[in-house]
Amino acid sequence: MDKQKVVILDFGKSVKQLTARRVRDMKVYSELMAGASTLDDIKKASPIGLIFTGGTAGDYTSKERELSELSLPIMKVFGSEPADIELESFLTEKCRAAHDWNMRQYAEVLVEEIRQQVGDNKVLLALSGGVDSSVCAALLSKAIGKNLTCILVNHGLMRKNEPQEVQDAFRDKDMNFIYKDASDRFLAKLDGVTDPEKKRKIIGEEFIRVFEEEAGKIGKVDYLAQGTIYPDIIESGLINGEGLIKSHHNVGGLPENIGFKGLVEPIKLLFKDEVRALGKELGLPESIVTRQPFPGPGLGVRIIGPITKEKLDILRDADYIFRDEVAKAGMAQDISQYFVVLTDTRSTGVDRDTRTYKYTAALRAIISSDFMTAKWARIPFDVLEKVSERITTEVTDISRVVYDITSKPPSTVEWE
Ligand code: XMP
């Protein structure tokens, strides 16, 4: 893009992501590059200024010398973060930044970039209904219209109303949209399986099979699109080249041998909240734009023990109530992820004067910025009480609700 850009030249692993984020919050576009980038690399990026992070005074001095012919303003960050005021003054006074970067303009730039990359070729996108793939779909649809085909595979492990919400958002757009309800296939493969890792493997493999079959029906496709986002790239070490690419991270491990010309990853330089902002800009419904993270294996890893259609329906209803009450309490944006787990435990209960023996549901809610660590969310007792009352009243197969008060570590966010 030919907009003003500040490059954050990162020499290690410290505050780079945060700094990139903060520069963008000040309406100046920023990109991360490895400390080892050459003079030519930096020239190509044509930034209006450089910020050095994660290095020593020695690293910075030699780099500054190497890049001296560019005569760019340089800010050197040692240890933790520059203060806002320092950063702001560097951008305004030294870099003469116009502070005019915004999502509307960026959307236009991305649309143009997609057109240039794929031309008249055909692009295929596996749409999960999550924020990232949905924003990709909206963006690609705007850029190439009918040359885009989106495939939504319903593995039967989606949340209540989710398949319909995703179809409603995309079906009548100017793109080819394929909805494949493959629930029965997935459930048949999962029949009797209790081991969490086995469940994940089965779901991942079956997804690939269904996707391949559907892709095969539409003829020649040149590019595969995926909703990789900036943290995926940063966390996998691509900036400094110290790690491996998470292969097809966002599409559940799609096979590499389908024979595509290449990948289209239009939002790979955006942070999660920027992806949401872009989605809003592109007119996606609130229900999709604000969607919390949802694992590829879906409700399959939220049912302990064997997965059945009956249990899935019970879980969907309970999960819907929890989400509804959190939203009504105005807490939806304060909690990073919240959902219900259907445990494999039944317990004794009482309904009027009759003994019952029904499922125990667990509520899980966490606060996290990176999901590598997480704190359990302090949801007020009156909200929890309402959720418990509603679940035990409205979902006839659940008679006990517990609240998970463990952080990560030692537990993980998902139960399986
Ligand atoms: P854990 O359970 O590992 O979850 O603490 C961390 C975050 O990752 C999500 N998660 C997944 N996402 N495929 C995904 O796309 C998966 O297999 C998967 N497992 C966990 C989880 O929902 C949380 O946001």
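Which one of the conditions (1) within 16 Å of the ligand (Cβ to nearest atom); (2) modelled with pLDDT of 95 or more does PHE294 fail to meet, given that it meets all the rest?
(2)
Identify, please: which residue in the range 350-364 is open to solvent by 20 Å² or more (accessible area, probe 1.4 Å) and of a type outside the set (Val, Ile, Thr) and is, among those, nearest to the ligand (Cβ to nearest atom)?
Only one residue fits best here, namely LYS358.
Do we have any residue at all in the range 392-408 that's under 30 Å from LYS198 (Cβ atoms), small (Gly, Ala, Ser) and within 16 Å of the ligand (Cβ to nearest atom)?
Scanning the range 392-408, I find at least one residue that is under 30 Å from LYS198 (Cβ atoms), small (Gly, Ala, Ser) and within 16 Å of the ligand (Cβ to nearest atom), so the answer is yes.
For ARG323, which of the numbered conditions (1) outside any helix (DSSP H, G or I); (2) crowded, with 17+ Cβ neighbours inside 10 Å fails to hold?
(1)
Out of the residues in the range 365-389 meeting the condition of being in a loop (DSSP other than H, G, I, E, B) and of a type outside the set (Gly, Ala, Ser), tell me which one is least open to solvent (accessible area, probe 1.4 Å). Give the derivation first.
Of all residues in the range 365-389, those in a loop (DSSP other than H, G, I, E, B) come to 368-373, 377-380.
Retained after the next criterion (residues that are of a type outside the set (Gly, Ala, Ser)): 370-373, 378-380.
On the way: ASP370: 70, PHE371: 65, MET372: 123, THR373: 78, ARG378: 154, ILE379: 8, PRO380: 55 Å².
Filtering first and then ranking leaves ILE379.
Among the listed residues LYS220, LYS201, LYS122, which satisfies the condition of being open to solvent by 40 Å² or more (accessible area, probe 1.4 Å) and without any contact (Cβ under 8 Å) to a residue 60 or more places away in the chain? Give the steps one after another, and end with the answer.
Details: LYS220 fails: without any contact (Cβ under 8 Å) to a residue 60 or more places away in the chain; LYS122 fails: without any contact (Cβ under 8 Å) to a residue 60 or more places away in the chain.
Answer to the selection: LYS201.
Check off (1) away from the ligand (no atom under 16 Å from the Cβ); (2) surrounded by fewer than 17 Cβ atoms within 10 Å (Cβ to Cβ) for ALA225 and give me the number that stays unchecked.
(2)
Looking only at the range 139-167, how many residues end up being of a type in the set (D, E, K, R) and touching a residue at least 40 places away in the same chain (Cβ under 8 Å)? Working first, answer last.
So in the range 139-167, the residues of a type in the set (D, E, K, R) come out as 142, 146, 159-160, 162, 165.
Subset that is touching a residue at least 40 places away in the same chain (Cβ under 8 Å): 142, 159-160, 165.
Residues in the range 139-167 being of a type in the set (D, E, K, R) and touching a residue at least 40 places away in the same chain (Cβ under 8 Å): 4 in total.
Which count do you get for residues in the range 39-48 that are part of a loop (DSSP other than H, G, I, E, B) and open to solvent by 60 Å² or more (accessible area, probe 1.4 Å)? Working first, answer last.
The initial filter retains those residues of the range 39-48 that are part of a loop (DSSP other than H, G, I, E, B), namely 46-48.
Right, trim to open to solvent by 60 Å² or more (accessible area, probe 1.4 Å) and you get 46.
The number of residues fulfilling the criteria is 1.
Starting from the range 292-315, keep only residues that are more than 27 Å from VAL135 (Cα to Cα) and in contact (Cβ under 8 Å) with a residue 60 or more places away in the chain, then list their pairs with residues that are within 9 Å of the ligand (Cβ to nearest atom) and in a loop (DSSP other than H, G, I, E, B) whose Cβ atoms are within a distance under 7 Å, requiring at least 6 positions of separation or different chains.
If the second residue must be within 9 Å of the ligand (Cβ to nearest atom) and in a loop (DSSP other than H, G, I, E, B), the pairs left are ILE304/TRP415; ILE304/GLU416.
Identify the residue in the range 54-83 that is among the basic types (Lys, Arg) and under 16 Å from ILE8 (Cβ atoms) and, among all such residues, is most open to solvent (accessible area, probe 1.4 Å).
Step one: of the range 54-83, the residues among the basic types (Lys, Arg) are 63, 65, 76.
Next, from what is left, pick out any that are under 16 Å from ILE8 (Cβ atoms): 63, 76.
Working: LYS63: 14, LYS76: 81 Å².
Top of the filtered list is LYS76.
Name the residue, out of GLY54, GLY49, that is modelled with pLDDT of 95 or more and touching a helix residue (DSSP H, G or I) at 6+ places or on another chain (Cβ under 8 Å). First the steps, then the outcome.
Values: GLY54 fails: modelled with pLDDT of 95 or more.
Result of the check over GLY54, GLY49: GLY49.
Quickly run through the range 298-333 and pick out the residues that are within 16 Å of the ligand (Cβ to nearest atom), charged (D, E, K, R) and either in contact with a Leu (Cβ under 9 Å, 6 or more places away or on another chain) or at pLDDT below 95 (or both).
ARG302, ASP319
The values are calculated or read from the model by the stated rules, or taken from the named source; none is laboratory data. Note that the coordinates shown come from a computational prediction; the quantities given were computed from them, not determined experimentally. All Cβ positions, even for glycine, are placed from backbone atoms using ideal geometry, and neighbour counts span all protein chains on display. Protein only, heavy atoms only, side chains kept; ligands, DNA and RNA dropped before computing areas. Shrake-Rupley method; radii C 1.70, N 1.55, O 1.52, S 1.80 Å.
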